[in-house]
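Take a look at the structure below.
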Protein chains: 2
Amino acid sequence: MNFTIEKSIEILERTPAVLEAMLKNVSAEWTEKSEGGETWSAFDVLGHLVHGEKTDWIPRMEIILSLAPDKTFEPFDRFAQFEESKGKTLPQLLDEFKKLRKKNIGVLHSKKITSKNLEEKAFHPAFGEVTLAQLLAT
Amino acid sequence: MNFTIEKSIEILERTPAVLEAMLKNVSAEWTEKSEGGETWSAFDVLGHLVHGEKTDWIPRMEIILSLAPDKTFEPFDRFAQFEESKGKTLPQLLDEFKKLRKKNIGVLHSKKITSKNLEEKAFHPAFGEVTLAQLLAT
């Protein structure tokens, strides 16, 4: 399949409804318990997705599209949700994710990304060089 | 988490809505293409789930709860969907899955399964002895 922004948006815009169908009104026992050890609960994963909307793919897209001479991503904090989600409920996180994702798709649309833009690159602290197409496809 | 029928039904009854949120009105390019080789497309997976509603967990539950002297499951045909889904559309499969799952949850309710029933066993052709609790949890 060839990568296009339109086809990516088809999937990106569905995520909030998929998560709601999975998690809304499910017993806390399903959503708050992890599988033990260092595994994450559904509540933890959702907080992680919220944090990603705030700090990951949109700020990284901005870096790739910027004219900065040194295009390097900030490292992503994979454990931020353990602090950030404190005191929040699962319905609050679902709602927060839905609003952030909607806003971010608006930002994505507003960039009017060209196929040339998709080949632009930045430096990922763990994976090395990544293109905008790779960032948006993952 | 302790296994209960009620908590299992919470998840089982959500699957159709989750699949619809993921797949309804998504471009055919997303749903009909596999990742190459022997991988399955979303359409193939959905056909597999439909086949499972017809031939897997409910018939196997009936075998476990039966009084038959030889309680052995029929082998499950993991490739049945390649024939069965022929000529069907993705929305048809979504609808078929939703109706079958609803009917099957009705059957599950009707059995009024006790905690003693959950320990009853049958013989799985690949995994050996399985309890009803194990069957319903997977």
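The values are calculated or read from the model by the stated rules, or taken from the named source; none is laboratory data. Since the model is a prediction, treat every value here as computed from it, not as a measurement. Using ideal geometry, Cβ is built from the backbone for each residue, glycine included, and neighbour counts are taken over all protein chains shown.
Taking the criterion of being surrounded by 11 or more Cβ atoms within 10 Å (Cβ to Cβ) and small (Gly, Ala, Ser), the residues of the range B:115-138 that qualify are B:Ser115, B:Ala122, B:Ala133, B:Ala137.
For the structure I just gave you, tell me whether A:Asp95 is at pLDDT 95 or above and more than 17 Å from A:Ile9 (Cα to Cα). Yes, satisfied. Answer with yes or no whether B:Ala80 is of a type in the set (Gly, Ala, Ser) and within 14 Å of the chain's Cα centre (by Cα). Taking the combined requirement at face value, the residue satisfies it.
When A:Ala133, A:Ala122 are checked against the criterion of being at negative phi, assigned to a strand (DSSP E or B) and not acidic (Asp, Glu), A:Ala122 stands alone in meeting it. Per this entry, B:Ser85 is counted among residues that are buried (at least 16 other Cβ atoms within 10 Å of the Cβ) and either aliphatic (A, V, I, L, M) or more than 13 Å from chain A (Cβ to nearest Cβ) (or both). Pairs meeting the criteria (first residue in the range B:63-84 and among the basic types (Lys, Arg), second residue outside any helix (DSSP H, G or I) and surrounded by fewer than 15 Cβ atoms within 10 Å (Cβ to Cβ), beta carbons under 6 Å, at least 6 apart or on different chains) are lacking.
Checked against (1) of a type in the set (Lys, Arg); (2) touching a Lys or Arg at 6+ places or on another chain (Cβ under 9 Å); (3) within 14 Å of chain A (Cβ to nearest Cβ), B:Lys33 passes all but condition (2).
Based on what the data block shows, is B:Trp30 surrounded by 14 or more Cβ atoms within 10 Å (Cβ to Cβ) and not in a helix (DSSP H, G or I)? Criteria not met by B:Trp30. Within the range A:1-23, being in contact (Cβ under 8 Å) with a residue 12 or more places away in the chain and either part of a helix (DSSP H, G or I) or at the interface with chain B (Cβ under 9 Å from one of its Cβ atoms) (or both) holds for A:Ile5, A:Ser8, A:Ile9, A:Leu12, A:Thr15, A:Pro16, A:Leu19, A:Glu20, A:Met22, A:Leu23. Within the range A:103-114, the residues that satisfy the criterion of being in a helix (DSSP H, G or I) and surrounded by fewer than 14 Cβ atoms within 10 Å (Cβ to Cβ) are A:Lys103, A:Gly106, A:Val107, A:His109, A:Ser110.
Go through the range B:61-82 and count every residue that is loosely packed, with under 11 Cβ neighbours inside 10 Å and either of a type in the set (A, V, I, L, M, F, W, C) or at pLDDT 95 or above (or both). So the count comes out to 1.
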